[in-house]
Each structure stands twice: as structure tokens, then as C-alpha cells.
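**Student:** Here it is, the structure in full.
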Amino acid sequence: IGEIRRYLRDNNSIRVSRSLRDIAYKALQARDRLIAKNGREPNISEIAKELELPREEVVFALDAIQEPVSLFEPIYH
Amino acid sequence: MGIKNEMKIEFMSKSQNEAFARIVIAAFVSQLDPTIEELADIKTAVSEAVTNSIIHGYEGKNGYIKMIARLLDDDTVEIEVIDEGKGIEDVAQARKPLFTTKPELERSGMGFTIMETFMDSLDVYSELGKGTKVVMTKRIRRS
Amino acid sequence: MGIKNEMKIEFMSKSQNEAFARIVIAAFVSQLDPTIEELADIKTAVSEAVTNSIIHGYEGKNGYIKMIARLLDDDTVEIEVIDEGKGIEDVAQARKPLFTTKPELERSGMGFTIMETFMDSLDVYSELGKGTKVVMTKRIRRS
Ligand SMILES: Nc1ncnc2c1ncn2[C@@H]1O[C@H](COP(=O)(O)OP(=O)(O)O)[C@@H](O)[C@H]1O
Ligand SMILES: Nc1ncnc2c1ncn2[C@@H]1O[C@H](COP(=O)(O)OP(=O)(O)O)[C@@H](O)[C@H]1O
Ligand SMILES: [Mg+2]
Ligand SMILES: [Mg+2]
């Protein structure tokens, strides 16, 4: 029981910043899976459904990591 | 108390804006580096306040909901949720656990109780026919 | 064109609010169910507009930035970023690629070009001493 309590306590004190990054990486993995499956870019709702999270939570999390920046390349390179 | 940051937002009383309001407050408060639990508490309290404005204040009709948030110097966040809806006749009664005027919508009557429990303070100002303002604060404690 | 949803937000011209504005617009636009790429385009454009208001409009001084977003019936999002800062003397010149009045801050002069590229339309209204309004639209195409 002490173990569980310590786990819960530790878990509860996790900073949001870390959990957002975890969600974001899962979102990018889900995106890759969906592209492989459907042969096209998934919509945010499809990714959210895979992760069982609201769309808004997913886009919030995605902001916490460096996103694929391929779109910048034509301008900066 | 000095203000480190402040924002004011206005959105329509549509149910999809409840999820939106939750993320807006989460994104703003995340500047104080809260824990997952602290942020979940704040999001839940804001959800309850916004849902009340949509369901009870405007009763599903169109209207605007305002949310103001301030980050104070001592890492307290102060949040106001304001509507210009029908208002509350008896605030003391409305705040009681299990009290609801919409049992038919399967409302639990626990909205204000949740806000009170999850936040450090809750004040409710309301006038019949004018609207309702809910003011909540919570201190984010650095570990 | 009918409006499906609308929000207005005001925040202080602090650098940490650039990230905040990006999340707010992303959460709001997610109601149109865009792809990650479409969202990234919109967030980048909003970042550029907000950064301009902070750096050029208010030149690091305190002020408020307003952002208005509307989801239109045809799945277009219309975004306005407004400041009451110093304004732009010559908008046509300011919009040119590589033009910057702050080379010392390592500005690339590509902000307006990025907004134009990543969005479907860009309009810039400005008056010296009064402020600047940037209006951008992008249509989210369902697949
Ligand atoms: N913004 C509001 N406008 C009008 N009435 C409200 C508002 N918020 C709460 N109320 C009243 O207070 C009561 C209690 O609210 P709450 O504790 O959230 O329970 P519930 O929403 O489940 O009814 C509501 O049933 C309603 O009568
Ligand atoms: N909100 C604003 N207020 C005042 N001046 C602005 C604003 N936005 C842009 N400008 C002017 O337009 C120029 C070009 O902007 P931009 O293309 O974003 O390049 P940069 O920000 O790198 O200078 C700026 O250098 C500045 O002089
Ligand atoms: Mg309620
Ligand atoms: Mg710029």
C-alpha cells in the first residue's frame, strides 16, 4: 500500500509539461499509423479518437514539442 | 497583489466551447508550471462554470460567455466566468450540494460543490435577469 | 457567409503569450477538424502576427493584443490580430519579403511572407500611431 501511495503521489506531481510531451509523441505515432493505413493525412479527430482524447487536448499537447517543420523549408532553405 | 499576466476571452454559449474553454485556461495556467492534478482541478472547475452559463444562464440559447484569468505574483490564478443570462434567484441555495433546478437534464447539482472543492476559493455574484459571475482562485504551489 | 462559431481574446503583449495565442487558435480551429499540417500552418501564421505586435507594435512595452477568430459555414477560419501599437508607415513595403525595420534583432523580414504563404488570404490595415490589424483566412478542406 505504501508503494501504491508513493506511486500515486509521484504520479500526481508530474508536471503538465512532461505529460503533454508524452501525449504529443503518441499523437505523432498515431498519425504515422493512420497515414500507413489510409494513405493520407489524418484529421485531428481521427488522431484524437486513436488516443481517446478530446481534439483540443491533442492540439494542446502537440504544441509542446517541435512539430514537423517541413513546411518551413522552402522558405528558409 | 501584482499581476504577472492577464487574458480575457469571449465565446459563444455553444456546448463545443466547453472543451475550448478548458484548453484556453489550461494553456494560460500552464505558464505557472502546475502539476497534472492541479491543472485537472482547474479545468474541471472551469468546465462546471462554463456549462452552468450555457445550460442555466442562457438555457441553450445564443449568448456570449466571458472568461477572465489573471496570474498573480504569488502564483495564484484568479478566474472569472461571466454570463448575461437569466441569473440565480437564491445563490446560497444554488451553492448547496445536490441542489439543481434542472433535474430533468440529469444535472447532479454538484457543480458549485466541485468548483469549491477543486479551487481554493469560490465567489458567486448573480442578479435575476442580469447574469452571473463566478470568481475562483487557486494557488499553484511549487515543489 | 454564416458564422458557426466565434471567439475574441485579449492578452498582454508578453512574449510568453505568443505560445498561448498559438494554442488558443489551434484549440478553436480544431472544431473544423483540420490535419496537423493545416493546424501548423495556422499556428505559424498567428505566431508571426502576434510576434509582430509584441516586437514592432508595442516594441516590448506593455499593451494589449486582441485576436478574433470566426469559423464560417464553408469551413473557412477568419483570424484577426489587432494591436494599438505604433503602426506601419508603408504597408506595401512592410509586406515585401526580407523587409524589416529591426535587423538588429535578427528579424528575418519574412513574417508577412510566411502569413501569406501559409494562409489563403492576408490583409493588413495600419495607421501610424494608432495600430495594426492583420486579417487572415484559411479554408479547411475535408478529406
Ligand atoms: N450561470 C448560471 N446562471 C443561472 N443559474 C445558474 C448558473 N449557474 C448555476 N445556476 C443555478 O444553480 C444551480 C446549481 O448549480 P450546480 O451546482 O452547477 O448544479 P447543476 O448544474 O447540476 O444544476 C443550477 O441548477 C441553477 O439553477
Ligand atoms: N504589428 C506591427 N506594428 C508595427 N509594425 C509592424 C507590425 N507588423 C509588422 N510591422 C513592420 O513590418 C515589418 C515586416 O514585418 P515582418 O515581415 O514580420 O518581418 P520582421 O518581423 O522580421 O521584421 C517589420 O519589420 C515592421 O517594421
Ligand atoms: Mg452545474
Ligand atoms: Mg515579423
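**Student:** Can you tell me how many residues in the range C:4-31 are surrounded by fewer than 18 Cβ atoms within 10 Å (Cβ to Cβ) and more than 10 Å from chain B (Cβ to nearest Cβ)?
**Tutor:** 1
**Student:** Do we find that C:Thr101 is hydroxyl-bearing (Ser, Thr, Tyr), touching a residue at least 40 places away in the same chain (Cβ under 8 Å) and part of a helix (DSSP H, G or I) in this structure? Write out each step before concluding.
**Tutor:** Numbers: hydroxyl-bearing (Ser, Thr, Tyr): yes; touching a residue at least 40 places away in the same chain (Cβ under 8 Å): yes; part of a helix (DSSP H, G or I): no.
Here the answer is no, as C:Thr101 does not meet what is asked.
**Student:** Test C:Arg95 against the stated conditions and say whether it is more than 14 Å from every other protein chain (Cβ to nearest Cβ) and either within 10 Å of ligand 2 (Cβ to nearest atom) or in contact with a Ser or Thr (Cβ under 8 Å, 6 or more places away or on another chain) (or both).
**Tutor:** For C:Arg95, the condition - more than 14 Å from every other protein chain (Cβ to nearest Cβ) and either within 10 Å of ligand 2 (Cβ to nearest atom) or in contact with a Ser or Thr (Cβ under 8 Å, 6 or more places away or on another chain) (or both) - is met.
**Student:** Look through B:Asp90, B:Asp83, B:Asp75, B:Asp41 and report the one residue that is among the acidic types (Asp, Glu) and closer than 20 Å to C:Asn17 by Cβ. Reasoning before the result, please.
**Tutor:** On the way: B:Asp90 fails: closer than 20 Å to C:Asn17 by Cβ; B:Asp83 fails: closer than 20 Å to C:Asn17 by Cβ; B:Asp41 fails: closer than 20 Å to C:Asn17 by Cβ.
Matching residue, one of B:Asp90, B:Asp83, B:Asp75, B:Asp41: B:Asp75.
**Student:** Scanning for something without any contact (Cβ under 8 Å) to a residue 60 or more places away in the chain, in contact with a Phe, Trp or Tyr (Cβ under 7 Å, 6 or more places away or on another chain) and either within 16 Å of ligand 4 (Cβ to nearest atom) or farther than 16 Å from B:Thr117 by Cβ (or both), does the range B:65-73 turn up at least one residue?
**Tutor:** Yes, that holds for at least one residue.
**Student:** Another question about this same structure. When you check B:Ile55 against the structure, is it over 14 Å from B:Glu6 (Cα atoms), of a type in the set (Val, Ile, Thr) and not in a strand (DSSP E or B), yes or no?
**Tutor:** Details: over 14 Å from B:Glu6 (Cα atoms): yes; of a type in the set (Val, Ile, Thr): yes; not in a strand (DSSP E or B): yes.
Yes, satisfied.
**Student:** Going by the structure shown, is C:Asp41 modelled with pLDDT of 95 or more and at positive phi? Step through it out loud before you land on a result.
**Tutor:** On the way: modelled with pLDDT of 95 or more: yes; at positive phi: no.
Considered against the rule, which asks whether it is modelled with pLDDT of 95 or more and at positive phi, C:Asp41 comes out as no.
**Student:** Check C:Gly85 against each of (1) of a type outside the set (A, V, I, L, M, F, W, C); (2) farther than 24 Å from C:Gly129 by Cβ; (3) open to solvent by less than 20 Å² (accessible area, probe 1.4 Å) and name the one condition it does not meet.
**Tutor:** Evaluating C:Gly85 over (1) of a type outside the set (A, V, I, L, M, F, W, C); (2) farther than 24 Å from C:Gly129 by Cβ; (3) open to solvent by less than 20 Å² (accessible area, probe 1.4 Å) leaves (2) as the failure.
**Student:** Also, quick follow-up: Could you list all residues from the range B:88-120 that are surrounded by fewer than 16 Cβ atoms within 10 Å (Cβ to Cβ) and under 15 Å from B:Lys43 (Cα atoms)?
**Tutor:** B:Thr117, B:Asp120
**Student:** Something else: Of B:Ile82, B:Ile68, B:Ile9, which residue is within 16 Å of ligand 3 (Cβ to nearest atom) and in a strand (DSSP E or B)? I'd like the intermediate steps shown before the answer.
**Tutor:** On the way: B:Ile68 fails: within 16 Å of ligand 3 (Cβ to nearest atom); B:Ile9 fails: within 16 Å of ligand 3 (Cβ to nearest atom).
Of the residues listed, the single one that is within 16 Å of ligand 3 (Cβ to nearest atom) and in a strand (DSSP E or B) is B:Ile82.
**Student:** Separate question: Tell me the residue from C:Phe28, C:Phe20 that is without any contact (Cβ under 8 Å) to a residue 12 or more places away in the chain and either part of a helix (DSSP H, G or I) or aliphatic (A, V, I, L, M) (or both), please.
**Tutor:** That would be C:Phe20, the only listed residue that is without any contact (Cβ under 8 Å) to a residue 12 or more places away in the chain and either part of a helix (DSSP H, G or I) or aliphatic (A, V, I, L, M) (or both).
**Student:** Another question, then. Could you figure out which of (1) more than 14 Å from ligand 3 (Cβ to nearest atom); (2) farther than 19 Å from B:Ser15 by Cα; (3) under 16 Å from the mean Cα position of the chain (by Cα) isn't true of B:Thr113?
**Tutor:** If we test B:Thr113 against (1) more than 14 Å from ligand 3 (Cβ to nearest atom); (2) farther than 19 Å from B:Ser15 by Cα; (3) under 16 Å from the mean Cα position of the chain (by Cα), just (1) comes out false.
**Student:** May I pose another question? Which residues, counting only those in the range C:32-55, are away from chain A (no Cβ under 14 Å) and either free of Cβ contacts under 8 Å to residues at least 60 places away in the same chain or open to solvent by less than 10 Å² (accessible area, probe 1.4 Å) (or both)?
**Tutor:** C:Ala49, C:Ser53, C:Ile54, C:Ile55
The values are calculated or read from the model by the stated rules, or taken from the named source; none is laboratory data. All values derive from a computational prediction rather than experimental measurement. Cβ coordinates were reconstructed from backbone atoms using ideal geometry, including for glycine residues, and neighbour counts include every protein chain displayed. These area figures cover heavy atoms from the full protein model, side chains too; ligands, DNA and RNA do not enter into them. Shrake-Rupley method; radii C 1.70, N 1.55, O 1.52, S 1.80 Å.
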